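To start, the structure under review is shown below, and the notes come after it.
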Amino acid sequence: MAPKQTYTHNELVDQLQKKDQGAFSYLYDNYSKALFGVVFAVVPNQEDAEDLLQIVFVKIWKNISMYDSSKGRLYTWMLNLARNLAIDHTRGKQQKMKSKIQSVSDSVYALKDHTSENTASDFLGLSNILNELKKDHKEIIDLIYFKGFTHEQASKELNMPLGTVKTKVRQAINSLKELTKKEIFN
Amino acid sequence: MSKNNIIESGILERYILGTTSSEENSLVQQKCKEFPELNQELEAIEMALVNYAETSSPLQKQSSDKIKEKVFSEINTNSTITSAKVIPLNSLYYRMGIAASALLLITSMVYNMFTRDELRVSKQELAKMQANEAEMNEAMLAQKNEATALNEKMLMLTDPSTKNITLNGMNSLADKKAMVHFNPSTKEVYFNARGLQLADASKQYQLWAIVDGKPIDMGMIDLNTKAIFQKMKALENAQAFAVTIEKKGGSFNPTMNTMCLLGDV
């Protein structure tokens with residue numbers, strides 16, 4: 001499941017900024033699934049999320065020259081782009097179908113059912129991560145990672161001191177790292 | 001800040017999540033240069049987050065391939081088409097809008113065609129009318145000039161000091177008559193040909209005044225003029241007028257045996 005690294009981070013950025021379609025193809029192969037997860041967490045509708053994923057990658061290609069590596073990693077930039085597009089999409093729809101918008105936790109539960117029946121084979125057992133990740137860790141990670149909350153906003157949302165949020169984020173990612181390793185080497 | 005302090009602080013996780021400030025970004029990048037192992041730490045965090053998002057991603061291989069195809073075809077067509085594609089085309093209003101715009105465009109094009117044609121015809125008509133007007137103005141001016149000339153001749157003829165002299169035909173013009181109108185006070189002399197003709201195109205009638213027994217050239221007679229009177233040379237006094245047939249352009253002295261009209265004052 002780990003992307004086959006044929007580019008280092010900087011090589012990939014270089015090639016993309018030179019508009020190399022081979023590098024773009026590599027980028028799609030390695031990050032489309034994760035970015036779809038990000039979009040789907042905000043827009044839990046298969047068709048809409050798929051349309052958005054297409055827009056996300058076209059935007060990545062068009063705006064790659066605007067990516068500045070001194071401001072963060074490429075994945076972080078793509079993550080922000082995907083999440084913002086998805087959030088804009090729900091805001092556009094909010095006027096019409098306010099009731100249909102689900103909270104992040106709802107969408108993740110919905111997705112759990114969805115994934116277990118439809119795409120189990122794609123996950124190579126990684127869906128266990130969802131079960132093994134502590135509930136409070138997952139709550140925080142989902143808010144920050146998928147919903148784009150800052151640590152301060154998450155602290156308010158969860159009624160939790162900022163220090164605790166920071167610690168739990170780190171713990172959550174650490175356990176994700178462990179779980180990822182475990183799954184890869186199993 | 002030591003390498004472990006950096007790792008323990010959780011700043012690397014926040015860096016990947018994108019919640020660090022720009023100062024923190026610089027710090028992370030500076031420390032990564034200082035301790036290259038930190039790059040591996042960043043990669044591991046990123047990988048964990050990528051994998052986590054993938055576990056929440058119900059994207060089938062088949063759909064993913066389709067989307068990839070669409071993305072590549074979109075980035076390989078020109079940008080205006082690409083941006084147009086983003087607009088959802090499924091709305092009925094949108095389609096109706098397109099249909100209405102197309103209809104409006106066609107209607108306006110047809111209307112333009114007709115009005116342009118009308119305008120062209122109007123322009124042609126206007127040009128014709130302007131030409132007509134110019135022609136009429138010219139004709140009017142000519143008539144006015146003619147009327148003025150006639151008026152002058154009338155004034156001259158009705159002037160009490162004008163003498164109307166009848167020239168009687170002789171020789172070849174035995175049955176013909178012509179008139180000379182002579183006003184000694186204004187020195188004007190007019191010749192009235194009264195339908196005279198001349199068959200030989202190489203010859204011309206010439207008018208003479210007889211003053212104290214000597215012939216004085218009064219000018220050539222133009223039979224082609226439409227005017228009734230022809231103005232001749234000025235003269236103060238004369239006893240008689242005579243017409244001879246001379247070579248075209250006239251002679252210095254009259255050829256006496258061609259004299260055909262003669263009248264005493």
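Coordinate-derived values only; no laboratory data. If you're wondering where the values come from, they're calculated on a predicted model, not measured in any experiment. Cβ placement follows ideal geometry from the backbone for every residue including glycine, while neighbour counts extend to all protein chains displayed.
Laid out as a table, the results:
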quantity: Spatially proximal aspartates and glutamates relative to B:LYS187 (Cα-Cα < 20 Å; intrachain offsets below 8 disregarded); calculated: B:GLU152, B:ASP159, B:ASP212, B:ASP217, B:GLU236, B:ASP264
quantity: For chain B, size of Cβ-based charge dipole, Lys and Arg +1, Asp and Glu -1, in debye; calculated: 1600
quantity: The stretch A:172-181 - phi-based ³J(HN,Hα) in whole Hz, Karplus 6.51/-1.76/1.60, Gly and Pro as x; calculated: 4, 5, 4, 5, 4, 4, 4, 5, 4, 4
quantity: Ranked by how many other beta carbons lie within 10 Å on average, peptides B:213-223, B:47-57 from highest; calculated: B:47-57, B:213-223
quantity: Paired Rg and Dmax values of the stretch A:9-108, which use every Cα atom, in angstrom; calculated: 14.5, 45
quantity: Theoretical FRET efficiency, 1/(1+(r/R0)^6), r = Cβ-Cβ of B:LYS233 and B:ASN171, R0 22 Å, to 0.05; calculated: 0.35
quantity: 5 angstrom amide H check on B:ALA240, placed H, neighbours 5+ away; calculated: B:ILE210, B:VAL265
quantity: Within the protein assembly as shown: Cβ-based charge dipole about Cα centre, in debye rounded to nearest 20 (Lys, Arg +1; Asp, Glu -1); calculated: 420
quantity: Long pairs among A:LYS19/B:LYS70; A:LYS19/A:LYS138; A:LYS93/A:LYS134; A:LYS33/A:LYS147; A:LYS135/B:LYS33; A:LYS62/B:LYS66, criterion Cα-Cα beyond 26 Å; calculated: A:LYS19/A:LYS138; A:LYS93/A:LYS134; A:LYS135/B:LYS33
quantity: Förster-model FRET efficiency, 56 Å R0, A:LYS134 and B:MET109, C-beta, rounded to 0.05; calculated: 0.25
quantity: Loop-resident sites, the stretch B:165-247, for GluC sites (Glu not before Pro), counting at most 15 other Cβ within 10 Å (DSSP); calculated: B:GLU236
quantity: Folded to 0 to 90 degrees: helix B:61-75 orientation relative to chain B principal axis, Cα; calculated: 30
quantity: Square roots of five times the Cα gyration tensor eigenvalues for the protein assembly as shown, Å; calculated: 121, 24, 20
quantity: The stretch B:184-265: Rg to Rh, with Rh as the Kirkwood radius over Cα pairs; calculated: 0.94
